[in-house]
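Participant: Before anything else, here's the structure in question.
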Amino acid sequence: MARILTSLQTGDWLTKDRLLVYPSVILAMTLAATAYLLVTGGGVLPNGSPFGSDFVSFWVAAREAVAGRPETPYLAETFAGVQNEIFKDGNFYAFYYPPHYLAYLLPLGLLPYYPALALWALAGFAAAAFVVTRIVGHRFETFLITLAFPASFLTVAHGQNAFLSAALFGGALMVMRTRPVLAGVLFGLLTFKPQLGLLIPFALLAGAHWRTILSAGVTTLVVAAVSALLFGTDVWTLFMAQASDATATLREGYVGWNKMISTYAMLRVTGLGDDAAMTVQFIVSLGVLATVWWSWRPESRVAFETRAALLLTGALLATPFGLNYDLFILAPAIAFAVAHGMARGFVAYQKTVLAIVYISPVAILALMSNNLNFAPIVLALMFGQLAGNALQDARRGGLRPMPAGE
């Protein structure tokens, strides 16, 4: 027993061979299960929706915009009718994204559904994998581990945008020290999913990263203006008008709380009311914000890799609205944590915790199917260890202190 505990503490059990074999086994099982699902169902899921079902919303929205009807995604009844006319499954997939995201999707509206889905998944993963491999190095091993990450399967199976989110979020942090303006551009493009960016302005302000802040602000205005030129200002009016629908979706559980990864959703699953659950979520978010703010201040002298991993992980803990596929944001977070460990050495149990977090989407998904939700606990485990690393960095003076006022 003592030997097992020592191995877990040091992480010696996670050898290079195992880092290749385990992901390979996970990947093989995932591909086999996906192939079985596609072949036996003819590309259709048990509920009648096509594979990558959330992509229905993106693709139909793009298709309508290409046809000169960009307002359709923001008119629920009309949008539902168009979806059902094409897929005839009776399911509805809402579009709660701002018009500049619709502009990102436009090229996909020129393709049939499955080619568009394949392009979306492959291009998104390629961008995300590029970022992760640039963060941690070891290109082949890192690429394999990223591909086998269970959250990669969730993103593909849902046809969702977590690859794009991770590429933009992780990419911005990756280049921030050398190309702060580009980092701001990437953060600005990430505004298509504002719930992931709740902590970003605070981190940038804490670190006095003025060029990144300015660049992000300008980029946000530019993409909004371009979408208004493409689709008209009325589309923005319609988007703002449906904000209450998005809030109701969270409050009423129209998207099952068991499928979400927030503290709020976990508490709603247990039967807690909206006000009480949101209060606890606010307290958690405030604690996460305070930790991120402290770590990003230059005076803290926390290593940049730790700051980046804290911000990425904290982004998932701070938002009340996060879905299981958003766990792919942990890919660049884990990469930054590993890069820090390779440079400074891993602290006790860190490798084991990272391995648990890496494989956790499998257990999270299994428990979600039984109306259980422990995703926030996994996120808190990683965030807590990163916070401990930050304290250790502060005591040791950091690795490469990030200068204030870029």
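Just so you know, all these numbers are worked out from the coordinates, no wet-lab data involved. Remember, it's a predicted structure, so these values are computed and weren't measured experimentally. As a convention, Cβ positions derive from the backbone with ideal geometry for all residues, glycine included, and neighbour counts pool all protein chains shown.
Participant: Can you tell me, using C-alpha contacts under 8 Å and at least 6 residues apart, the relative contact order of the chain as a whole percent?
Facilitator: 20
Participant: Charges only on Cβ, +1 for Lys and Arg, -1 for Asp and Glu: so what's the dipole of the chain about the Cα centre, in debye to the nearest 20?
Facilitator: Computed charge dipole of the chain: roughly 1420 debye.
Participant: Right, here's the next one. Between Tyr104, Tyr358, Tyr325, where does the largest GNM mean-square fluctuation fall for the chain, given springs only between Cα atoms within less than 10 Å?
Facilitator: For the chain, modelled as a Gaussian network with Cα springs under 10 Å, the answer is Tyr104.
Participant: Once you put a point 7 Å from the Cα of Met342 and another 7 Å from the Cα of Trp13, both along the Cβ direction, what distance in nm separates them?
Facilitator: Each label point lies 7 Å from its Cα, and together they span 2.4 nm.
Participant: Lys/Arg Cβ at +1, Asp/Glu Cβ at -1, dipole of the chain taken about the Cα centre: which of Leu147, Ala308, Met260 is farthest positive-ward?
Facilitator: So the residue we want is Ala308.
Participant: Do the sum for the chain: with -39,500 (n - 2.57) for every DSSP H run of n ≥ 4, divided by all residues, what is the mean residue ellipticity at 222 nm, to the nearest 500 deg cm²/dmol?
Facilitator: Helix contribution divided over all residues of the chain: -22500 deg cm²/dmol.
Participant: Pulled fully out, how much extra length does the chain show between Thr6 and Leu31, if you take 0.36 nm times their separation in residues and subtract their Cα-Cα distance?
Facilitator: 5.6 nm
Participant: Assigning unit charges at the beta carbon (Lys, Arg +1; Asp, Glu -1) and nothing else, what dipole magnitude in debye, to the nearest 20, does the stretch 250-322 show about its Cα centre?
Facilitator: Here the stretch 250-322 has a charge dipole of around 140 debye.
Participant: Residue farthest toward the positive end of the dipole of the chain, with Cβ of Lys/Arg at +1 and Asp/Glu at -1: which of Ala355, Ile283, Thr6?
Facilitator: Thr6
Participant: Also, I was wondering about something else. Between Arg251 and Arg177, what FRET efficiency comes out of the Förster formula 1/(1 + (r/R0)^6) with R0 = 51 Å and r the beta carbon distance, rounded to 0.05? Don't skip to the end; give the middle numbers.
Facilitator: Numbers: r = 40 Å, r/R0 = 0.79.
With a Förster radius of 51 Å, E is 0.80.
Participant: Under a point spin-label approximation (7 Å from Cα along Cα-to-Cβ), what is the Val44-Leu214 distance to one decimal in nm?
Facilitator: Spacing of the two 7 Å Cα→Cβ label points: 5.7 nm.
Participant: Sequence neighbours fewer than 8 away in the same chain don't count; with that in mind, list the lysines whose C-alpha is under 25 Å from Lys259.
Facilitator: Lys88, Lys193
Participant: Something else about it: Charges at C-beta only: +1 for Lys and Arg, -1 for Asp and Glu. How large is the resulting dipole of the stretch 190-309 about its Cα centre, in Debye rounded to 20?
Facilitator: Using only the charged Cβ atoms, the result is roughly 380 debye.
Participant: Let me ask something else about it. Taking 0.36 nm per residue of sequence separation and subtracting the Cα-Cα distance, how much length would be gained by fully extending the chain between Thr237 and Gln392, in nm to one decimal?
Facilitator: Between Thr237 and Gln392, full extension yields 51.0 nm more.
Participant: Provide the packing ranking of 157-168, 232-243, 261-272, i.e. peptides ordered by the mean count of other C-beta atoms within 10 Å per residue, highest first.
Facilitator: My ranking of the peptides, most packed first, is 157-168, 261-272, 232-243.
Participant: Report the extension gain between Phe282 and Glu299 in nm, rounded to one decimal, defined as 0.36 nm multiplied by the number of residues separating them, less their alpha carbon distance.
Facilitator: Working it through step by step, the gained length comes to 3.5 nm.
Participant: What helices does the chain hold that run 15 Å or longer along their axis, going by alpha-carbon atoms, with a Kyte-Doolittle average of -1.0 or more, using DSSP H for the helix calls?
Facilitator: Correct list, ordered by number: 16-41, 55-66, 76-87, 113-136, 162-175, 210-231, 274-296, 304-318, 330-344, 350-368, 375-396.
Participant: Given axes a ≥ b ≥ c from the Cα gyration tensor, I'd like to know whether the stretch 90-245 is rounded (a/c under 1.5), prolate (a/b larger than b/c) or oblate.
Facilitator: Because a/c hits 1.5 or more and a/b fails to exceed b/c, the stretch 90-245 counts as oblate.
Participant: Once the dipole of the chain is set up with Lys and Arg at +1 and Asp and Glu at -1 on Cβ about the Cα centre, which of Pro320, Leu122, Phe87 lies farthest towards its positive end?
Facilitator: Leu122
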